[in-house]
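Notes follow once the structure below has been shown.
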Amino acid sequence: MSKETELTSEDLSKQRQSFIRARKLSVSYLAYSMSTPALVLIMLVLIFPVLAVFGLSFTDWLFGAKHLNFIGIKNYAQMLGDRVFWKSLSNTLIYVGTVVPGSFIIGLVVAILIQSSTSLRGFYRAVYFLPVVASLLAMAIVWEILLHPTVGLLNLFLKNIGITGRDWLNESSTVLMALAGIGIWQMSGFSMVLFLSGLVGIPIELYEAAEIDGADSAWDRFRTVTWPMLGPVSLFVLVISAIRSSQVFDTVKVLTRGGPNKASEVLLHTMYTEGFAFMRSGYGSAITMVFLVFILGIALAQMKLLEKRTHY
Amino acid sequence: MSYVRKLSPLAVSVRHVLLMTGAAVMLIPFIWMVSLSLKPPQEIFTINPSLFPKVWYAWENYSLAFKAQPLLRYVLNGVIVTLTIFTVQVLVAVPCAYALAKLDFRGKGLLFSLVLFCLLIPPQVPAIPLYIAFWKLRILNSYAALILPFTISVLGIFLMRQFFKMVPDDLIDAARLDGMGEFTIVWRIMIPNAVPALVAFGIFSVIAHWNDFFWPLIAIQDHQFMTPPLGIMTFRNDEAGNEYGAIMAAAVVICLPLIMAFLLAQRRFIEGITFTGLKR
């Protein structure tokens, strides 16, 4: 009797194992069939093209040409000696360095002000977010007339208070800041909603505790509770706005084409000009690689900072 | 609920003054866009502008905007392209996200790392090789050229995977016992449970592709296939600034669909952006 049961249970476990094995196989089969379309597309439109950009950046290929030669790092060497490239890189850095802190501070202040009371909360949130939704290209054309030297609202307003305005988009000393201003206008709402979501997550008890500990003024509460609790969101806002502002292109292409005298030339616009206007696919690819490294660098810096943060 | 402290009357007014000033700056471009679209040229190029036109010129501007270029065509193209892109993105990303969240298979970790890596690739990086490939395939200047590069959304895979992970396994096992196949489980069980993530994904995708300018500028030459931003840029360049009223009218028309959608479903939009933003 006991032997029989043993046999049966052994049988059962064997059956079970083969069942499990079969199920595992069928699950893997299913999983592969479910993820294959995505994997194929990832390869076709992302991975292969990125590898192709890397490969092309070592060639002298002109779009449509019959022959191409491998020229090693000549494209990169040429880039390093090119005034336009350096101007473009430093303009991109200045642009990012202006738009990121600008939209960060405005987004943070607006979020805190909105959250500090319930009155008109929904209205303010919608208004500040509107520029994120609207087509930047269409709005750039509106900004063009707002910044017009004689009939633009900005200069008419400045004239009213006794300041002579500039030809913002056509003077090399002001053009980059004018574009950055449009960038801040467009990006602040994005930072604001991220900060709002961070503020909502701060437990009320922390503020109560801070008050008991004598944090009376609004500034004290900001310094002891809000700012430390917003740490992760702040880092995230910095990184995402740095990545997004590095991709500035629409306003440059429509309003200035990198001018005057390359004063508003930025990386993506240089890449577009070389790769698609001059059809220098090889050289354009080399600039694309620099752009990619630039973005990956920002992401890497975020990871490093996150690692540091978890230690304290 | 977040912390709201009773503000003093002074603080209340300071809050409104500051926020209203900022709100005015945010809104001026929109208000001015509409205002200019209603004005004749002499009221646009004046140093004494007014908010409302003295001579109403709306009909002339808007009819020129629709006559001088196929504006409706651009809007229609925008609708076709953004909806097709999002539909394909869902069909491709959702099963993959389900496999990554709920199934065990060899290579899963590798696939997920690949997705994470691809999240970091800016959309402009593959442009040159894709342009060359599409030229070889003779599909530049077509809907296919506008849609194909965006058929995969790694952000979509990532978002849906995060959300699917929160669906309890018991629910899936129960469905399996009822004899449901895995694909049926995805569309009947997972999708209805993941509506917020799907909405967020949709809003993000539609905003990005309705407003995308870089790729259409490269891939499209014919008015027949132009999307709204590309269309309005060509119109502006053709008019060389003479018909500013009509250009503003065109700008109003191409901004309107998304702004209307946003005002109608504000909460969803903001949640959507926050959701996609924070989950990255």
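Considering chain A as a Gaussian network with a 10 Å cut-off on Cα pairs, which listed residue, A:L268, A:L120, A:L80, attains the greatest mean-square fluctuation?
Most flexible of the set in this elastic network: A:L120.
I'd like the FRET efficiency for A:L206 and B:L7, computed as 1/(1 + (r/R0)^6) with the beta carbon distance as r and R0 of 30 Å, rounded to 0.05. Present the calculation step by step, with values, prior to reporting the outcome.
Details: r = 19 Å, r/R0 = 0.63.
Once rounded, the FRET efficiency stands at 0.95.
Report the local net charge at B:N48: Lys and Arg +1, Asp and Glu -1, summed over other residues whose C-beta lies under 13 Å from its C-beta. Before the final figure, lay out the partial values.
Details: positive: A:K159, B:K39, B:K54; negative: B:E43.
Taking every other residue near B:N48 into account, the sum is +2.
Per residue of B:15-24, how many C-beta atoms from partner chains lie within 10 Å of its own C-beta, taken as a mean?
Working: counts 8, 5, 0, 3, 13, 4, 0, 9, 8, 1.
So the per-residue partner count for this stretch is 5.
With springs only between Cα atoms under 10 Å, which of A:M289, A:M177, A:M229 fluctuates most in a Gaussian network model of chain A?
A:M229
Suppose the chain between A:T150 and A:A277 were pulled fully straight at 0.36 nm per residue; how much longer would it get relative to their current alpha carbon spacing? Can you show the working numbers first?
Details: separation 127, 0.36 × 127 = 45.72 nm, distance 3.25 nm.
Between A:T150 and A:A277, full extension yields 42.5 nm more.
Counting Lys and Arg as +1 and Asp and Glu as -1, each charge on the Cβ, what is the dipole of the protein assembly as shown about the Cα centre in debye, to the nearest 20? Don't skip to the answer; put the middle values down first.
On the way: 45 positive and 33 negative charges, 97 e Å.
Result for the protein assembly as shown is approximately 460 debye, rounded to the nearest 20.
Would you kindly calculate the mean projected area, averaged across all directions, of the convex hull enclosing the Cα atoms of region B:141-280, in square nanometres? Before the final figure, lay out the partial values.
Values: hull surface 43.3 nm².
Mean orientational projected area (region B:141-280, Cα hull): 10.8 nm².
For region A:187-296, report the convex hull volume of the alpha-carbon atoms normalised per residue, in Å³, without decimals.
On the way: hull volume 13.9 nm³, N = 110.
So the per-residue hull volume is 126 Å³.
Please report, in debye to the nearest 20, how large the charge dipole of region A:16-175 is about its Cα centre when each Lys and Arg carries +1 at its beta carbon and each Asp and Glu carries -1 there.
Working: 12 positive and 5 negative charges, 191 e Å.
The calculation lands at about 920 debye.
Quick one: putting +1 on the C-beta of Lys and Arg, -1 on the C-beta of Asp and Glu, what dipole do you get for region A:74-310 around its Cα centre, in Debye to the nearest 20? Can you show the working numbers first?
Working: 17 positive and 14 negative charges, 149 e Å.
In total the dipole reaches around 720 debye.
For chain A, with a Gaussian network of springs between Cα atoms less than 10 Å apart, report the residue from A:S188, A:S116, A:S13 with the top mean-square fluctuation.
A:S13
If we count other beta carbons within 10 Å of each Cβ, what is the order of B:R188, B:R267, A:R280, fewest first? Let's see the in-between values first.
Values: B:R188 13, B:R267 10, A:R280 20.
With the sparsest Cβ surroundings first, the list reads B:R267, B:R188, A:R280.
I want to verify the translational diffusion coefficient of the protein assembly as shown in µm²/s; compute it with Stokes-Einstein, Rh as the Kirkwood radius over Cα pairs, at 25 °C and 0.890 mPa s. Display every interim value, and only then the final one.
Values: Rh = 26.6 Å.
Once the numbers are plugged in, D ends up at 92 µm²/s.
If neighbour count is taken as other Cβ atoms inside 10 Å, put A:Y76, A:Y283 in order from fewest to most.
Values: A:Y76 16, A:Y283 27.
Listed from fewest to most nearby Cβ atoms, that is A:Y76, A:Y283.
Binning every alpha carbon pair distance of region A:74-310 at 5 Å from zero, what are the percents per bin?
Per 5 Å bin, starting at zero, the Cα-Cα P(r) for region A:74-310 comes out as 1, 6, 12, 14, 15, 14, 12, 10, 7, 5, 2, 1, 0, 0 percent.
Take every Cα pair under 8 Å in chain B that's 6+ residues apart, average their separations, divide by the length, and report that relative contact order as a whole percent.
30 percent
Roughly how crowded by other chains is peptide B:111-121, in terms of the mean Cβ count from those chains within 10 Å of each of its Cβ atoms? Write down the numbers at each step before the final one.
Details: counts 6, 0, 0, 6, 4, 0, 6, 5, 1, 7, 7.
For this peptide, the per-residue mean of nearby foreign Cβ atoms is 4.
Computed from the coordinates by the stated procedures, all read-outs in this text should not be read as laboratory data. The structure presented is a predicted model; accordingly, all values stated were derived computationally and were not measured. All Cβ positions, glycine included, derive from the backbone under ideal geometry; neighbour counts span all protein chains shown.
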